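K.L.:
Please find one structure pasted underneath; my questions will follow.
The values are calculated or read from the model by the stated rules, or taken from the named source; none is laboratory data. Since the model is a prediction, treat every value here as computed from it, not as a measurement. Don't worry about glycine lacking a Cβ; one is built from the backbone with ideal geometry, like all the others, and counts go over all protein chains shown. Ligands, DNA and RNA are excluded from the accessible area calculation, which covers all protein heavy atoms including side chains. Shrake-Rupley method; radii C 1.70, N 1.55, O 1.52, S 1.80 Å.
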Amino acid sequence: MTNGLLGKKLGMTQMLDEARLTPVTVIEAGPCRVVMVKTKERDGYEAVQLSFGDVKDRKLSKAQLGHLKKHEAPASRVLKEFKKDGDVAVGQTVKADIFKKGDWVDVIGVSKGKGFQGVVRRHHYSGGPESHGSMFHRAPGSIGASSFPSRVWKGKTLPGHMGAERVTTQRLKVIEARPDENLLFVRGAVPGAANGLLVVRKSKKG
Amino acid sequence: MNQLERVQRSLQKKSVPHFEIGDTVRVHVKVVEGEKERIQVYEGAVIARKGSLNTEMFTVRKVSYGVGVERIFPVHSPIVTKIDVVRQGKVRRAKLYYLRGKKGKFSRVEDREFVGEGKAQSGSARAAESAEAPVEAVAAKS
């Protein structure tokens, strides 16, 4: 089928993994519908487009509705492409049963936004002393030399917007899969807040 | 009830005996020694209950040979096979951490019993108590 599917983060709790209390994230994974199968001949690459989440028709644009109508798919919130893995037919549903207990997965999400942050929070600068007459606390300090290069190097770490970016957590263990309830339990934390959209795929690192 | 709460309820035990803070309980703990399994009984006063749903934990304190011992158990762990309430306690607080500094009495509903025999508990015994408690906590989790 596919190498992964779409889901929603429900939150974290604990459960027993081989008699050890383990922190887990509960993910509502799928069901996803196969909207489109891209082929080498027609599209130049192979992929499977999955849809996830119910949404009202009026929330979508005409272009989105047209695309879904063409492939006889119901209105859905998200469309995303995945790698093809075996035989896939349009209209098929991809469920949490593609993963089983003990599998390794990568989980991709959008991290929580932190707003505009200074260098101490954003880049782990150590900052200066708080007291003893110190007048240097959380500032970035020198950001480069003078006459050469007469500019700031590219990639210099400075204050700015932090968080709300795509983050991949690699190699998380599946503690349990409940395909009939569309639930996946993975060990540890995953990016983003509860109710955030997640991509769960087979781990690249095995 | 939200989805996460429903999941958490599915991870709970079917039924848990009712016990409150200040009660004296006998906790039947499953101990695995190599191949064999046996039940060990730990008796003491419940001094705290923390957490909710499937993550709830309770702390049981007893005084063993003049040394205070505290073990923290998950309420819904399969290691905890049975919890018997031996005596009900009359307390006015949700957390009985004040017992840690006490040597003498601790009030109950009917019997005003002594917590332990450690009347002559010395300073060194109390130091050992604070050192032992975290070790026990680790053992209970694993």
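K.L.:
Are there any residues in the range B:1-47 with a reduction of at least 40 Å² in accessible surface when going from the isolated chain to the assembly of protein chains? Probe 1.4 Å, please list them by number.
P.N.:
In the range B:1-47, residues shielded by partner chains: B:Q3, B:L4, B:V7, B:L11.
K.L.:
Please give the length that would be gained between A:K70 and A:K38 if that part of the chain were fully extended, namely 0.36 nm times their separation in residues minus their C-alpha to C-alpha distance (nm, one decimal). Spell out each step's value before the answer.
P.N.:
On the way: separation 32, 0.36 × 32 = 11.52 nm, distance 1.45 nm.
Contour length minus the Cα-Cα distance gives 10.1 nm.
K.L.:
Let me ask you something else. Would you list A:T25, A:T169 from the most to the least accessible area, probe 1.4 Å?
P.N.:
Working: A:T25 0, A:T169 35 Å².
Correct descending sequence by accessible area is A:T169, A:T25.
K.L.:
Going by accessible area, probe 1.4 Å, with all protein chains left in place, what is the ranking of B:M57, A:M12, largest first?
P.N.:
Details: B:M57 35, A:M12 85 Å².
Ranked list, largest accessible area first: A:M12, B:M57.
K.L.:
Distance in nm between label sites at A:E165 and B:V86, each 7 Å beyond Cα in the beta-carbon direction?
P.N.:
5.8
K.L.:
Step through the residues of the range A:23-36 one at a time and calculate ³J(HN,Hα) from phi using the Karplus curve (6.51 cos²θ - 1.76 cosθ + 1.60, θ = phi - 60°), rounding each to whole Hz and writing x for Gly and Pro.
P.N.:
x, 10, 9, 8, 10, 7, 9, x, x, 10, 9, 6, 8, 7
K.L.:
Between A and B, buried accessible area summed over both sides at probe 1.4 Å, in Å² to the nearest 100? Let's see the in-between values first.
P.N.:
On the way: alone 12710 and 9070 Å², together 20720 Å².
The contact between B and A buries close to 1100 Å².
K.L.:
With a 1.4 Å probe and all protein chains left in place, how much accessible area per residue does the range A:115-160 have, in Å²?
P.N.:
Working: 3660 Å² over 46 residues.
Using a 1.4 Å probe on heavy atoms only, each residue of the range A:115-160 averages 80 Å².
K.L.:
Determine the shape class of the protein assembly as shown: with a ≥ b ≥ c the square roots of the Cα gyration tensor eigenvalues, call it rounded for a/c under 1.5, and otherwise prolate if a/b is greater than b/c, oblate otherwise.
P.N.:
oblate
K.L.:
Next question, about the same structure. Would you check the accessible area of A:D57, probe 1.4 Å, heavy atoms only, in square angstrom rounded to 10?
P.N.:
90
K.L.:
List the residues of the range A:168-201 whose backbone N lies under 18 Å from a point placed 7 Å from the Cα of B:R6 along the Cα-to-Cβ direction.
P.N.:
Answer for this model: A:177-185, A:194-196.
K.L.:
Ignoring any ligand, DNA or RNA, what whole percent of the accessible area of the protein assembly as shown comes from carbon and sulfur when the probe is 1.4 angstrom?
P.N.:
Numbers: 10480 of 20720 Å².
Reported share for carbon and sulfur atoms: 51 percent.
K.L.:
Sort chain A into rounded, prolate or oblate with this rule: let a ≥ b ≥ c be the square roots of the eigenvalues of the Cα gyration tensor; rounded if a/c is under 1.5, and if a/c is not under 1.5, prolate when a/b is larger than b/c, oblate otherwise.
P.N.:
Verdict is prolate for chain A.
K.L.:
Once a ≥ b ≥ c are taken as the square roots of the eigenvalues of the Cα gyration tensor of the range A:101-158, is the result rounded (a/c under 1.5), prolate (a/b larger than b/c) or oblate (a/b not larger than b/c)? Please report the intermediate quantities before stating the final value.
P.N.:
Values: a/c = 3.22, a/b = 1.71, b/c = 1.89.
Taking the square roots of the gyration eigenvalues as a ≥ b ≥ c, the range A:101-158 is oblate.
K.L.:
Taking the Cα centre of the range A:13-117 as origin, sum charge times position over the Cβ atoms of Lys and Arg (+1) and Asp and Glu (-1), and report the length of that vector in debye to the nearest 20. If you can, show how the numbers build up before the last one.
P.N.:
Numbers: 20 positive and 15 negative charges, 123 e Å.
In total the dipole reaches around 600 debye.
K.L.:
So how far apart, in nm, are the two label points at A:Q117 and A:D87 if each is 7 Å from Cα heading toward Cβ?
P.N.:
According to this spin-label approximation, the distance is 4.9 nm.
K.L.:
Heavy atoms only, 1.4 Å probe, whole protein assembly: order A:I175, B:I79 by accessible area, highest first.
P.N.:
Values: A:I175 5, B:I79 40 Å².
Order by accessible area, largest first: B:I79, A:I175.
K.L.:
Assuming R0 = 25 Å, what is the FRET efficiency of A:V55 and A:N195, from their Cβ-Cβ distance, to the nearest 0.05? Can you show the working numbers first?
P.N.:
On the way: r = 14 Å, r/R0 = 0.57.
Taking R0 as 25 Å, the efficiency between A:V55 and A:N195 is 0.95.
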